[in-house]
C-alpha cells in the first residue's frame with residue numbers, strides 16, 4: 001500500500017484513533033446544539049483523561065515576505081504536537097471550513113488534521129480527516 005495514510009507514524013495513527021473516540025464520547029454525552037467553546041473544553045478534558053497532551057487556542061503568526069503578523073490565527077486544538085483539530089458547531093460544513101484547516105495545516109507544518117462538527121445527529125457525520 002503506497003497511500004499517504006501508510007506514511008504517517010503509528011503513534012500519529014493511534015492518536016487519531018483516540019481523538020475520534022474522544023469526540024464520540026463527548027458527543028454521546030452532550031449531543032448536538034451547544035456552543036463550539038463547550039465542545040472544545042469537553043474534548044480537551046476527555047483527551048487529558050486519556051493521558052493525551054492537548055493545546056487550546058494556539059496562536060499561529062503569519063509570515064508574509066518581510067513581515068510577521070503576530071496573533072493572526074488561532075488553532076482550536078493541537079493534539080500531542082502531531083494533529084491539528086478545527087472544531088465547529090454549525091448546521092453544515094462548507095468548503096471554506098475545509099480550506100481553513102488545510103491552510104492552518106500547511107502554515108503550521110502539520111500533515112494530519114481533523115475537522116469536527118458537533119452539531120450533527122451522529123458524530124460520524126461530523127468528522128473529517130484531512131491529510132497533506
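Just so you know, all these numbers are worked out from the coordinates, no wet-lab data involved. Please read all numbers here as calculations on a predicted model, not as lab measurements. Cβ placement follows ideal geometry from the backbone for every residue including glycine, while neighbour counts extend to all protein chains displayed.
Quick notes on this structure:
- Considering helices alone, the calculated mean residue ellipticity of the chain at 222 nm is -13000 deg cm²/dmol, with DSSP H runs of length four and up weighted by -39500 (n - 2.57) and normalised per residue.
- Distance between the pseudo-spin-label points of residue 94 and residue 70 (7 Å out from Cα toward the beta carbon): 3.4 nm.
- Cβ-based exposure ranking for 76, 70, in which fewest neighbours within 10 Å come first: 70, 76
- Taken over the chain, the percentage of Cα pairs per 5 Å bin, counting from 0 up to the bin with the maximum distance, is 2, 10, 21, 23, 21, 13, 7, 3, 1, 0.
- Taken along the Cα-to-beta-carbon direction at a fixed 7 Å, the label points for residue 59 and residue 30 span 2.5 nm.
- Of 127, 78, 62, the sequence from fewest to most neighbouring Cβ atoms within 10 angstrom is 62, 127, 78.
- Neighbour-count order for 122, 105, fewest beta carbons within 10 angstrom listed first: 122, 105
- Pairwise FRET efficiency - residue 13 versus residue 37, Cβ, R0 = 25 Å, nearest 0.05: 0.30
- Mean separation of Cα pairs under 8 Å and 6 or more residues apart, divided by the residue count, gives the stretch 10-131 a relative contact order of 23 percent.
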